[in-house]
Amino acid sequence: MNTNRVRSWQQEYVQPERKESKVVVRVKRKGWLTKGEKVIYSFAAFLLIIFCCYLVSYSSKLDQINREVQSLQHSVEQQVVENKSLDYEVRELSKPDRITKIAKEHGLKIQDTKVLQARKQSR
């Protein structure tokens, strides 16, 4: 009986050696930006990209309109030059000397009348 007591005492007070197990502690590493900041920065970057696209599109349209305006100005200048040359030709063809010459060639007789230069009547 004594030996049984000693054994029970030994089991109670003397514990067998345990191997120390290593506990791996994982520390959550916090980033330098929070989730809210990431959302805000992402939204700001998205708005910046949209603004840049709008700016490029606006610049492209403005350039296209400027080119159209330049071509229209060029065609207007050509038309003005053509109008001036036609106006000069009208003046040359409507001179009284020329009119009387053509009238005589076609057999018309002019009797003491004055031939006046044709004019536009403004109303």
Theoretical gain in end-to-end length, Gln70 to Ala103 [0.36 nm per residue, Cα-Cα removed]: 7.1 nm
- request: Return the distance in nm (one decimal) between the two label points of a simple spin-label model at Leu62 and Ser94, each offset 7 Å from Cα along Cα→Cβ.
  value: 4.7
- prompt: So how do His74, His106 line up by other beta-carbon neighbours within 10 Å, fewest first?
  reply: His106, His74
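Read-outs throughout are calculated quantities, based only on the coordinates presented, and are distinct from any laboratory measurement. Remember, predicted model here, so these are calculated numbers, not experimental data. No Cβ is skipped: glycine too gets one built from the backbone with ideal geometry, and neighbour counts run over all protein chains shown.
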